[in-house]
Amino acid sequence: MNLASGDGHVCIASCTHDLGGETRLFSYAPVADTRIHQGEAMAIKAFGIPVRSPLTPYISVWHSEFSPRMDAHTPPKKVYLNAIFGDDPWHPPASLVEHAELRQRRDELIFAAVWAVDGADPVLERFAVEIRADGGHTHFRSMHDDENARMLDIAWGSLHLPAHGADNVSFNLRAVMPERYNFREDLRGRRVEVNLTGSAGPIPGWINY
């Protein structure tokens, strides 16, 4: 999936969920914002690190266990996938307070997964979904690790995990997610079906991680 929007953003992943009615959301390849946000200003002042925020927070990336910016030729032992989906490639304000206030009122889905990949077969170690719907009025969290993650009802259409630091993750799956607000807590009553498809590249070195 590589679909360019009118403002130059490239959609690399999409999802649907049925929390409060079927909703489709999108995630994009990261593009650096030319503005200096408050978070970057603090990092630059404190550490002298030339970092930037992505132009939209709705991006899909992965990194390894070594650091967010691993060597391109190093085989990872763990793969950390993070994909954030929204209904458009929103450009948030540079103010941290305004960004947080506005984002709480937007529909979005956050997907995070971790695999150990140093054995013969990848082992799922974490699978988590967080959803805000209905303009932020409906909130759902489904957080699972270790055996709880491996017991989830996930139908994998396809999964490609990177062989080295320049490779991509690609995924196509359907999951029925039971509500669990925090890892290791008891399950709650709601179930939400999610469908996730697309890809994620290695996290760029300029991202304010």
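Each Cα pair under 8 Å and six or more residues apart adds its separation to the average, and for the range 116-203 the resulting relative contact order is 23 percent.
Build a GNM of the chain with springs between Cα atoms under 10 Å apart, and of PHE183, PHE111, PHE47 the one that fluctuates most is PHE47.
For the chain, the Cα gyration tensor yields ellipsoid semi-axes of 26, 23, 16 Å (square root of five times each eigenvalue, largest first, whole Å). Share of carbon and sulfur in the accessible area of the chain stands at 53%, probe radius 1.4 Å. What the phi angles of the range 172-185 give under the Karplus curve with 6.51, -1.76 and 1.60, with θ = phi - 60°, is a coupling list of 8, 8, 10, 9, 9, 9, x, 6, 9, 5, 9, 4, 6, 6 Hz, glycine and proline written as x. With every protein chain in place and a 1.4 angstrom probe, the accessible-area ranking of HIS137, HIS99, HIS144, largest first, reads HIS137, HIS99, HIS144.
Relative protection proxy for 145-155, 18-28, 160-170, from highest mean packing down: 18-28, 160-170, 145-155 (other beta-carbon atoms within 10 angstrom).
Exposure check, 1.4 Å probe, all protein chains in place: ARG184 carries approximately 150 Å² of accessible surface. When the helices of the chain are scored as -39500 (n - 2.57) per DSSP H run of n ≥ 4 and the total is divided over every residue, the value at 222 nm lands at -3000 deg cm²/dmol.
Heavy-atom accessible surface of the range 54-149, averaged per residue, reaches 44 Å², computed with a 1.4 Å probe.
When the surface is traced with a 1.4 Å probe over the full set of protein chains, LYS77 keeps roughly 110 Å² accessible. Rounded to the nearest Hz, the phi-derived 3J(HN,Hα) couplings of the range 131-137 under the Karplus curve 6.51 cos²θ - 1.76 cosθ + 1.60 (θ = phi - 60°) are 10, 10, 9, 6, x, x, 7, where x marks glycine and proline.
The values are calculated or read from the model by the stated rules, or taken from the named source; none is laboratory data. It should be emphasised that the depicted structure is a prediction, and the values quoted were computed from it without experimental measurement. So basically every Cβ, Gly included, is an ideal-geometry build from the backbone, and we count neighbours across all protein chains shown. All accessible areas refer to the heavy atoms of the entire protein, side chains included, with ligands and DNA or RNA removed. Shrake-Rupley method; radii C 1.70, N 1.55, O 1.52, S 1.80 Å.
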